[in-house]
Every structure is written in structure tokens, then in C-alpha cells.
Amino acid sequence: MAKTADARLAALEDHEAIRAVIAAYGPLADAGDAQGVAALWCADGEYAPAGYRVAKGRGEIAELIEGETHQALMARGCAHVLSSPAVALNGDEAVATNHSLVLRRKGDGHEVWRASANRWALERCDGRWLIRRRDNHQLDGTAAARALLAFK
Amino acid sequence: MAKTADARLAALEDHEAIRAVIAAYGPLADAGDAQGVAALWCADGEYAPAGYRVAKGRGEIAELIEGETHQALMARGCAHVLSSPAVALNGDEAVATNHSLVLRRKGDGHEVWRASANRWALERCDGRWLIRRRDNHQLDGTAAARALLAFK
Amino acid sequence: MAKTADARLAALEDHEAIRAVIAAYGPLADAGDAQGVAALWCADGEYAPAGYRVAKGRGEIAELIEGETHQALMARGCAHVLSSPAVALNGDEAVATNHSLVLRRKGDGHEVWRASANRWALERCDGRWLIRRRDNHQLDGTAAARALLAFK
């Protein structure tokens, strides 16, 4: 059955909202807005960078931004640059894949520090699209990193 | 004459679908999903990287991913990062321009290997937006590379 | 009050148009299309790269592309790569934040020359979404650079 105009509008709005959540991460992270970053996740959402402890809930996610590593990067000059996600939408849930680059200042220019794969599980939490879990793995030649980018 | 609400919805859906095709390339390429990459093209679509043979049809496009060069990049650790395209939509055809970066692992970080111009001819094939032809040229200072990024 | 279908459509079209303006900048700049770049701004729009004179109006913005620095970059081989913007839409005005990278050719590859923060004030000028002012600051560890990426 053909989708109604309302369902088509709603699907476009879902894509726009999901894109907005992911596009906000880099600017907020580099602005050092820990609460703003945390608010992109569901209250009990998770951020799982491979090789580190999983941050659980907004408090722990905010601590990543407030923590020594991120603050040192910011003081040196850094850019968290994310590519446009490929999004598979399924009702009130979605999975998105994309790349993230972390650049840091070197001399009077910048160098790429890390290039990573990302897999985002998103969900409509409290009526808004937010991040349920972000998995991140440096693209280091391992199958585990590549698997994050695979479509199911 | 003003566009009808249905035509406006359809144009938005076209933009979303075109964006989705281009956003899927990088994740699928870095996941090593040769069939997934090939399925982004029309059955007889072409991928034309400057200085190399033009890959014609899905079989030859899949071979690029399965080939030695790409597999070696994947084993080392690589990221094919594409920027958001500028899209000119014209009925059942569209032209999109953007940049692509290929990063590869170096030490415990990454380096940019190539920065290229891309021009995508897209088409509604079998009712879906797919790639008719992708032209790609490293931004090496030549007019041929710059020309791919020009609007007509 | 719930938004009408027409208002929802119009908001989606606004987001699409704003994204298109920002996505066009990099390709047009690297194609060397000075008039095309300038036409992305309102007639009296401004481009304010930190540490340089503010370019005021389309004539001065076109001169940036025609100028010696940009032409030398183009002759060497360069890529102006912008990330997807986070957009706050407010009637006929919008603010967008994102990153921009400038890469330049080095050997047979490329290096990142600059990674910068951008803040775009956009406006509906003459019925089209265009740039009122672009602020740009290299992410050099200063608070001024980071402030461009902050949400209000």
C-alpha cells in the first residue's frame, strides 16, 4: 500500500532529526559543551569507544568531554569531523554508519590523529530522536572496525 | 505555477534518496562489501577514476573492492570519507559534486593519502535512485580535476 | 498547536536549501568559480576569516577566490572539505555550525593544512536562502575558535 502523505512527511522529518543529532556531535564536542554532548544521548544511552570503558548514561558521557584527554586536545586545538551518515530507519529505531576524524594541531596546521568507524543505534526517546548507543573503532585494519560499517 | 504538495514531497524524497546512495559508499567500501558497493550503481553504471580503466557494470565495480589494491588498504586500515554532495536535480536525473578523502593508517594514527574531486551522474533506475557514472580525479592542480567540481 | 502539513513541508525545504548552500561552497571554491561562490552570499553578505580583513559584499568575496593565495592553492592542488552543518532554523533566519578542512597536495598525496570552526548566519534574501555572514577560525586551541561552534 502506498504511504500516505503524512507518513512520507514523518519519514523525511525522522531523517532530518537523525542527521541533526549526528551533525551536532562534532561542533558540541569541540566547543567543550559537555552537557550539550550528553543531551544527544538517551538518558541511559551508551558511548562505546573500542579499547576503552563504555560510558553509560549522560553523566559518564559528559565526563568524557570534561576529562583530561579531551580537555588537553581542546587546549592544543582539535577538530572532531564526522561524515554524513548512511541511515536505516525502522519505525522508532534507526541504525546509522559513518566515519569520524579527529584532527589535532601540529605546527601552524593540523594532522589527522584518528580515523574511525562509527555505528549509531538511535531511538525515539521521550518523543525525540536521540542516541541509544554509539560504537566507535579506529580503522586499524581489524575486522572488528570494519564490521561497524557493514549493513545488516 | 506553484508546485503541488505532492511534487514538493517527491522532490524532498529524491534529495534524501540521492544523499543516501552517496553516503553509503564510504561505509560499504571500508566494510569490504563488494556487492553492496556495486548495488549503488545502475546495472550498467560506470566508475571512472582518472588514470585508471573505467569499471563498467556492477561486476567490474565489485572487482575494484575485491581487488588487491583495495584489500591491501583495508588490511592496513583505511577510511573513504565523502563530503555532503551539492546536488542538481532534474526530473529522473541528477548531478552531484563532492570531495572524497582516502586515509590510511600510519603508525598509530592515520594520514590522508588522497583528496579527490567527484562528479556523480545519478538516475532513477528500476524505480530507485542509483549511480549512472562516478568520475573521480585526485585534486592534483590540474584543470581536469577542478572541472569535475564545476556547476554547469 | 500542531504544525500544518504545509508548514512541515516548508521547514524540510528550508533545511534542504540551507544544506545545499553550504554543500556548494567547497566544490565551487575548488573549481575556482568566483562568481558562483559569491552568489552563495546575500548581496551585502560578509565572510570573516579570523585574522584577516572581513570581505564585505559579493565583489570582495569573489576577490578571495580570484586572489593570489587561493589561486596558488588551486594550482598546487587543494580541497576545501566541509562537514554537514548543525542547523538552528528560526523563521527567515538560521545559524549553522560545522568544520572545514583545507587540504593541499604534498608529494603524490595530500596533507591537511587547516582545520577550522565555522559559524554561518543564513537568511532568506530575495526569496532564497543565502549566507549573511560566515565566521571562520582555525581550531588553534583558542576560546575564540571554540566559541564559533557553541550553540546559543
Candidate set from the range B:26-43 (those that are open to solvent by less than 40 Å² (accessible area, probe 1.4 Å), among the hydrophobic types (A, V, I, L, M, F, W, C) and not in a loop (DSSP other than H, G, I, E, B)); member that is farthest from B:LEU101 (Cα to Cα): B:CYS42
Condition met for A:ILE22 (among the β-branched types (Val, Ile, Thr), closer than 16 Å to A:ASN118 by Cβ and more than 10 Å from chain C (Cβ to nearest Cβ)): no
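Run down C:ALA2, C:ALA72 and say which single residue is closer than 14 Å to C:VAL102 by Cα and open to solvent by 40 Å² or more (accessible area, probe 1.4 Å). Working first, answer last.
Values: C:ALA2 fails: closer than 14 Å to C:VAL102 by Cα.
That would be C:ALA72, the only listed residue that is closer than 14 Å to C:VAL102 by Cα and open to solvent by 40 Å² or more (accessible area, probe 1.4 Å).
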Positions within the range C:49-66 being closer than 30 Å to C:ASP14 by Cα and part of a helix (DSSP H, G or I), in sequence order: C:GLY57, C:ARG58, C:GLY59, C:GLU60, C:ILE61, C:ALA62, C:GLU63, C:LEU64, C:ILE65
Pair list, Cβ < 6 Å and 6+ apart or interchain, from the range C:2-30 residues that are in contact (Cβ under 8 Å) with a residue 24 or more places away in the chain to residues that are among the acidic types (Asp, Glu): C:HIS15/A:GLU16
Check on A:LEU89, among the aliphatic types (A, V, I, L, M), over 15 Å from the mean Cα position of the chain (by Cα) and modelled with pLDDT of 95 or more: yes
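Confirm whether B:GLU46 is modelled with pLDDT of 95 or more, at negative phi, assigned to a helix (DSSP H, G or I) and out of contact with any helix residue (DSSP H, G or I) (no Cβ under 7 Å at 6 or more places or on another chain).
Working: modelled with pLDDT of 95 or more: yes; at negative phi: yes; assigned to a helix (DSSP H, G or I): no; out of contact with any helix residue (DSSP H, G or I) (no Cβ under 7 Å at 6 or more places or on another chain): yes.
Answer is no for this residue.
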In the range A:115-139, the residues that are modelled with pLDDT of 95 or more, more than 15 Å from the chain's Cα centre (by Cα) and either more than 9 Å from chain B (Cβ to nearest Cβ) or surrounded by fewer than 21 Cβ atoms within 10 Å (Cβ to Cβ) (or both): A:ARG124, A:ARG128
Residue within the range A:16-25 that is part of a helix (DSSP H, G or I) and of a type in the set (Phe, Trp, Tyr) present: yes
Residue under evaluation C:VAL54, criteria (1) β-branched (Val, Ile, Thr); (2) in contact with a helix residue (DSSP H, G or I) (Cβ under 7 Å, 6 or more places away or on another chain); (3) more than 9 Å from chain B (Cβ to nearest Cβ); (4) farther than 30 Å from A:ASP6 by Cβ, criterion not met: (2)
Failed condition for B:LEU103, given (1) open to solvent by 10 Å² or more (accessible area, probe 1.4 Å); (2) under 19 Å from A:LEU149 (Cβ atoms); (3) touching a residue at least 24 places away in the same chain (Cβ under 8 Å); (4) not polar (S, T, N, Q): (1)
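In the range A:67-82, which residues are away from chain C (no Cβ under 14 Å) and either among the β-branched types (Val, Ile, Thr) or assigned to a helix (DSSP H, G or I) (or both)? Working first, answer last.
Going through the range A:67-82, the residues away from chain C (no Cβ under 14 Å) turn out to be A:67-69.
Scanning the range A:67-82 gives A:GLU68, A:THR69.
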Residue check for A:TYR52: open to solvent by 10 Å² or more (accessible area, probe 1.4 Å), within 28 Å of A:ASP92 (Cα to Cα) and not β-branched (Val, Ile, Thr): no
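The values are calculated or read from the model by the stated rules, or taken from the named source; none is laboratory data. For clarity, every value in this text was computed on a predicted model and none was experimentally measured. Positions of Cβ are generated from backbone atoms using ideal geometry, with glycine treated the same way; all protein chains shown enter the neighbour counts. For accessibility, only protein heavy atoms count, side chains too; no ligands or nucleic acids. Shrake-Rupley method; radii C 1.70, N 1.55, O 1.52, S 1.80 Å.
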